[in-house]
Amino acid sequence: MLREGIEAALITGIIASYLRQTGRSAWMPVVWVGIFLAVAASLLVGAGLQLVSAEFPQKAQELFEALVGLVAVGVLVSMVFWMRKAARSMKLQLHHAIDDAFQPGSAGGWALVAMVFFAVMREGLESVFFLLAIFQQSPSPLAPLGALAGLLCAVAVGYLVYIGGIRINMRRFFNWTGAFILLVAAGILSSALRNLHEAGLWNLWQGRAYDLSDILPASSPLGTVLSGLFSYQEAPATGEVVVYLAFLAVSLALFLRGDASSPARPLPQSASEPRP
């Protein structure tokens with residue numbers, strides 16, 4: 001949620017800064033309308049999915065959790081790779097979109113609302129599926145508290161960047177958090193495979209790969225943290241371990257190779273442009 005919050009701050013900050021630089025600060029309430037609509041729509045999607053899943057029988061519930069996990073893995077992976085690619089030209093593209101919105105004959109405020117809405121909605125939906133997948137694995141109140149803490153930290157960091165209190169190497173931030181999120185996605189994928197088995201749709205490689213229940217039980221404090229972050233299981237099935245390692249090997253190799261081949265420059269003027 002810290003990363004998602006800073007991504008949203010990056011997008012809205014570029015829009016807010018450009019509106020101010022071009023003498024269009026009076027349109028800032030329109031930006032807030034787009035933000036609030038996107039947040040509300042994301043919450044409605046999450047609440048709707050949760051309510052629908054509560055009516056499912058046990059096996060259908062397991063299938064639903066598996067599908068949510070697979071969707072979460074998809075959006076997390078796409079977010080990591082999309083952000084690294086799009087960040088280099090995001091600022092210029094947003095500037096052009098704002099200028100187009102205010103061209104004669106354009107929708108003006110409605111176009112600006114739509115631009116902010118869809119930009120923030122992308123982050124909101126990614127968060128919804130990620131949080132649903134995590135909450136299904138970690139029913140304790142620590143998971144939502146962690147999500148709230150990450151979001152509040154993102155708001156604080158974004159505000160400090162906006163007023164010039166701190167400067168962040170955004171490219172390095174997104175690279176490190178991208179690798180971390182791929183670790184989280186690998187755990188969600190292995191849990192989705194376990195849900196498919198419990199739904200009766202996957203029965204291969206069900207032997208125990210190892211058993212760490214005597215060394216690091218999932219109920220221990222460290223086990224609870226690892227379970228919440230990386231879907232740690234004290235005695236996973238062989239298939240879960242194979243899927244975890246295979247996904248991690250491929251995704252990290254592509255991520256690190258792409259990072260090594262890209263020029264070592266920060267995201268668009270992240271150290272000098274104010275941003276909420």
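Observations, loosely collected:
- Helix-only arithmetic for the chain: the sum of -39500 (n - 2.57) across DSSP H runs with n ≥ 4, divided by the residue total, places the mean residue ellipticity at 222 nm at -26500 deg cm²/dmol.
- Of all the options Leu148, Leu189, Leu125, the one that moves most in a Gaussian network model of the chain with Cα springs shorter than 10 angstrom is Leu148.
- Hull-based mean projected area of region 16-142, where the convex hull spans the alpha carbons, in square nanometres: 9.8 nm²
- Correct choice for Rg and Dmax of the Cα atoms in Å that was computed from the model, options [x] 20.7, 70; [y] 17.5, 56; [z] 17.6, 52: [x]
- Taking label positions 7 Å along the Cα-Cβ direction at both Leu252 and Arg20, the computed distance is 4.0 nm, reported to one decimal.
- Result for the chain in a Gaussian network model with C-alpha springs under 10 Å: among Leu256, Leu70, Leu112, the largest mean-square fluctuation is at Leu256.
- If you plug the beta carbon distance of Trp32 and Val242 into 1/(1 + (r/R0)^6) with R0 = 51 Å, you get a FRET efficiency near 0.60.
- Choice from Ala38, Ala147, Ala249 showing the highest fluctuation, given a GNM over the chain with Cα pairs closer than 10 Å: Ala249
- Glu234 long-range amide H proximity, modeled H, under 5 Å: Ala218
- Here the Karplus curve 6.51 cos²θ - 1.76 cosθ + 1.60, taken at θ = phi - 60°, turns the phi angles of region 42-47 into couplings of 5, 5, 5, 4, x, 5 Hz, with x standing for Gly and Pro.
- Nearest-0.05 FRET efficiency for Leu212 and Ala40, computed from C-beta distance (R0 35 Å): 0.20
- Taking the centroid of alpha carbons for each part, region 1-56 and region 225-249 are 33 Å apart.
- Rg/Rh ratio calculated on Cα atoms of region 168-238 (Kirkwood radius): 1.10
Laboratory data are not the source of any read-out in this text; all were calculated from the coordinates shown. Bear in mind that the values here come from a model prediction, so they are computed numbers and not experimental data. Neighbour counts run over all protein chains shown; Cβ positions are idealised from the backbone, glycine included.
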